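S.K.: Dropping a structure here in structure tokens format, bear with me for questions.
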Amino acid sequence: MALFHLVRHADHGLIGRVLAGRMAGVGLDGHGPAQARRLARHFAAQGVDAVHASPLERTMQTAQPIAAACGAPLHSAEPLLELDFGDWTGRSFAELDGQPDWHLWNGARSQTRPPGGETMVAVQARACGFINDLAAARPDGRFVLVSHADVIRAVIAYYLGTPIDLFLRVEVSPASVSVLSMDGWTPRLLGINHAPAVDDAAANDAAPDASNRSAAP
């Protein structure tokens, strides 16, 4: 049985404000680095054979500590790349929310595409094709795939047999883990949107350094 851990990248400063898409230079910040370290601890003892990540900065920064903790090779994987949002890339959600084509896109993704961008069906085909190829090549492999929310939702929808127009009903949070098994050609979703537990070390990661704080006036 092949096992796939589908990981969304950790936090960056544009989440919820700007449609980052394939913008260059969008790296982890805020809680992101601590979330990546938490993921690394989560996977450290799980016998991971390889880590594959979208080549964007935020996904590679999430994947690097996971691969290091597991002693597993890290591969850049174009099929896991974020959806190409075309002309919408870099625009604020507040701006997009006033556009009819944005609402049509989010209500009927099987029939529409971002202007100058990629269809959701194409994203689903490339990501699921990549997973199927890995499962065929390593039927007992254990993989971590670090990607993006819409890519992971598309994968989950495919293996559940759910219409892609309904995939926004699935929550995929930053630094979350969803788990897919492939036994031959029988897929099973073993978990969706799991957040690794915050242990003491992770709490220390997130806590400010008291030595750098000045006393309150």
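S.K.: Rg(Cα) of the range 1-47 divided by 2.2 N^0.38 Å?
M.R.: 1.40
S.K.: Convex hull volume of the Cα atoms in the range 14-131, per residue, in Å³?
M.R.: Hull volume over Cα atoms, normalised by residue count, gives 113 Å³.
S.K.: What list of ³J(HN,Hα) values in whole Hz, one per residue of the range 75-88 in order, does the Karplus curve 6.51 cos²θ - 1.76 cosθ + 1.60 (θ = phi - 60°) give from phi, with Gly and Pro shown as x?
M.R.: Calculated HN-Hα couplings, in order: 10, 7, 10, 4, x, 8, 4, 4, 3, 7, 8, x, 5, 7 Hz.
S.K.: Kirkwood Rh and Cα-based Rg: tell me the resulting Rg over Rh for the range 129-184, rounded to two decimals.
M.R.: 0.97
S.K.: Same structure again: From the helices alone, meaning DSSP H stretches of at least four residues, give me the mean residue ellipticity at 222 nm for the chain, per-run term -39500 (n - 2.57), in deg cm²/dmol to the nearest 500.
M.R.: It comes out at -10500 deg cm²/dmol, rounded to the nearest 500.
S.K.: Return the percentage of antiparallel bridges among DSSP beta bridges fully within the chain, rounded to the nearest 5 %.
M.R.: Here the antiparallel bridges make up roughly 50 percent for the chain.
S.K.: OK, next. Each residue of the range 124-140 in order: what ³J(HN,Hα) in whole Hz does its phi give by Karplus 6.51 cos²θ - 1.76 cosθ + 1.60, θ = phi - 60°, with x for Gly and Pro?
M.R.: Working through the residues one at a time gives 4, 5, 6, 5, 6, x, 4, 5, 4, 5, 4, 5, 5, 6, 10, x, 10 Hz.
S.K.: Return a whole-number percent for the relative contact order of the chain, with Cα pairs under 8 Å and 6 or more residues apart as the contact set.
M.R.: RCO, the chain: 29 percent.
S.K.: Let me ask something additional. What number do you get for the chain when its Cα radius of gyration is normalised by 2.2 N^0.38 Å, N = residues?
M.R.: 1.06
S.K.: Considering only protein heavy atoms, what per residue accessible area in square angstrom results for the chain with a 1.4 angstrom probe?
M.R.: Accessible surface, normalised per residue, equals 46 Å².
S.K.: To continue, here is another question. In whole Hz and in residue order, list the ³J(HN,Hα) couplings for the range 6-23 that follow from phi through the Karplus curve 6.51 cos²θ - 1.76 cosθ + 1.60, θ = phi - 60°; x for Gly and Pro.
M.R.: Values, residue by residue: 8, 10, 7, 4, 6, 5, 9, x, 9, 4, x, 10, 10, 7, 5, x, 9, 4 Hz.
S.K.: To continue, here is another question. Take the Cα radius of gyration of the range 40-96 and divide it by 2.2 N^0.38 Å, with N its residue count; two decimals is plenty.
M.R.: 1.44
S.K.: With a point put 7 Å past each Cα toward its Cβ, work out how far Met23 is from Leu160 in nm, to one decimal.
M.R.: 2.9
S.K.: Amide H neighbours of Ala50 under 5 Å, counting only residues 5+ apart in sequence or on other chains, H built in-plane at 1.01 Å?
M.R.: For Ala50, the qualifying residues are Arg142, Val144.
S.K.: Given a 1.4 Å probe and every protein chain left where it sits, what share in percent of the accessible area of the chain is carbon and sulfur?
M.R.: Here carbon and sulfur together make up 53 percent of the probe-accessible area.
The values are calculated or read from the model by the stated rules, or taken from the named source; none is laboratory data. Given the structure is predicted, the values throughout are model-derived calculations rather than measurements. Positions of Cβ are generated from backbone atoms using ideal geometry, with glycine treated the same way; all protein chains shown enter the neighbour counts. Side chains are part of the model used for accessible areas, which takes the heavy atoms of the whole protein and leaves out ligands, DNA and RNA. Shrake-Rupley method; radii C 1.70, N 1.55, O 1.52, S 1.80 Å.
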